[in-house]
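S.K.: Sharing a structure with you now.
The values are calculated or read from the model by the stated rules, or taken from the named source; none is laboratory data. Just so we're clear, the structure is a prediction, and the values are computed from it rather than from any experiment. So basically every Cβ, Gly included, is an ideal-geometry build from the backbone, and we count neighbours across all protein chains shown. Quick note on the areas: whole protein, heavy atoms, side chains included, nothing else; ligands and nucleic acids left out. Shrake-Rupley method; radii C 1.70, N 1.55, O 1.52, S 1.80 Å.
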Amino acid sequence: MNRKLRSFHRVIGAILASFLLMFAITGIALNHSSQLKLDKRYVSWDWLMSQYGIGEVKPDAAFLIDNKIFSQFGNQLFLDATPLIHTERPLLGGITLEDLIVLTTDDALILLTREGEFIEKMGAEAGIPAPIQNIGLYHGEPVLQTRQSMWRSNFMLDKWEPISLQGVSWSVPHPLPQSVNTELKQFFYGKGISIQQLLLDIHNGHILGPLGIWLIDVLSVLIIFLSLSGLWMWGRRLG
C-alpha cells in the first residue's frame, strides 16, 4: 500500500511541480509588475486575442480606390484606419474621377477629395438614379448599375442618361491589407493584452476560462492531498 502511495506521490508530484513552477514565475513577475512596466507592454497574437474574445477585424465591405482602402464597419466608413463619416446604407463601391473620389451606397453618391475629405452627399434630389447596385468607369466617365438599367454621366455628375455598355470597369471588393488590418485592430481593441493581465490570468487560471478555474481547484485539492498524505507517511516512518 505504501509503495503504491509513494508511486502515486511521485507521478502527481512531477505534474504539480510544473504547475507550481509556473505559479512561482508568474507570481514573482506580478510582484514586480511596476518595476518591469508590465502594464505598459502588450501582446496581440491572434490566437491570444481570440482567447479573450477579440476576433479578427472583418469589415462589412472594403474597396481599394486611388491606392486607399475604404471600408465599412456597421455605419462607420473608414479611410485606411481613420474614421471618415457615418452612413446607414451599405457601401457598394467607389471610383476615382479627376480630382474626386466617389463612393456609392444603394441610394446616394458620397463625394470626397483625393485626400479623403468629405465634400457632399448626392441622392435622389440631385438626380442620382436608384437603387444603385454598383459603380464603374467607362473611358473615364462614371457609370451606375441600377436594378432597372445602366446609367452614364459626365464628370460633373449632374446629368444621367440610360445606356447599354460593354467593358465597364466595375468597382470590386478588396481584402484589407495586413497593415490596415493591424491599425484597425488597434483602433477597435487597443494595443492588445497587457503582459500584466496575461500573467495574472495564467496565475489564477482565468486564461482558460471556466475550465481554468476548475483546473486550479483540482490542483489545489491535489496539493492538499499530497501534503496531508506526505505528513502521514512521514509520521508512520517516525513511528
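S.K.: Evaluate the distance, in nm, between pseudo-label points positioned 7 Å from the Cα of residue 178 and of residue 213 along their respective Cα→Cβ axes.
M.R.: 3.8
S.K.: Using the Kirkwood radius over C-alpha pairs as Rh, can you work out the diffusion coefficient of segment 61-189 via Stokes-Einstein at 25 °C, viscosity 0.890 mPa s, in µm² per second?
M.R.: It comes out at roughly 165 µm²/s.
S.K.: Also: Pick the calculated P(r) over Cα pairs in 10 Å bins from 0, in percent for this structure from [x] 7, 29, 33, 22, 9, 1; [y] 7, 22, 18, 13, 11, 10, 9, 6, 3, 1, 0; [z] 8, 35, 37, 17, 4, 0?
M.R.: Checking each listed value against the structure points to [y].
S.K.: Just the number please: accessible area per residue for the chain, 1.4 Å probe, all protein chains included, in Å².
M.R.: Numbers: 14490 Å² over 239 residues.
Each residue of the chain exposes 61 Å² on average to a 1.4 Å probe.
S.K.: Size of the dipole of the chain about the Cα centre, Lys and Arg at +1 and Asp and Glu at -1 on the beta carbon, nothing else charged, in debye to 20?
M.R.: Here the chain has a charge dipole of around 2420 debye.
S.K.: Going down the list 37/185; 121/191; 40/185, which pairs span over 27 Å between their C-alpha atoms? Walk me through the numbers on the way to the answer.
M.R.: Numbers: 37/185 23 Å; 121/191 34 Å; 40/185 18 Å.
Violating the 27 Å limit, Cα to Cα: 121/191.
S.K.: Calculate, in nm to one decimal, what residue 56 and residue 31 gain on full extension: separation in residues at 0.36 nm each, minus their alpha carbon distance.
M.R.: Extra length from residue 56 to residue 31 when fully extended: 5.7 nm.
S.K.: Something else now. In whole percent, how big is the carbon plus sulfur part of the accessible area of the chain, probe 1.4 Å, protein atoms only?
M.R.: 59
S.K.: Per the helix-only calculation at 222 nm, which mean residue ellipticity applies to the chain, given -39500 (n - 2.57) for every DSSP H run of n ≥ 4 and division by its residues, nearest 500 deg cm²/dmol?
M.R.: It comes out at -12500 deg cm²/dmol, rounded to the nearest 500.
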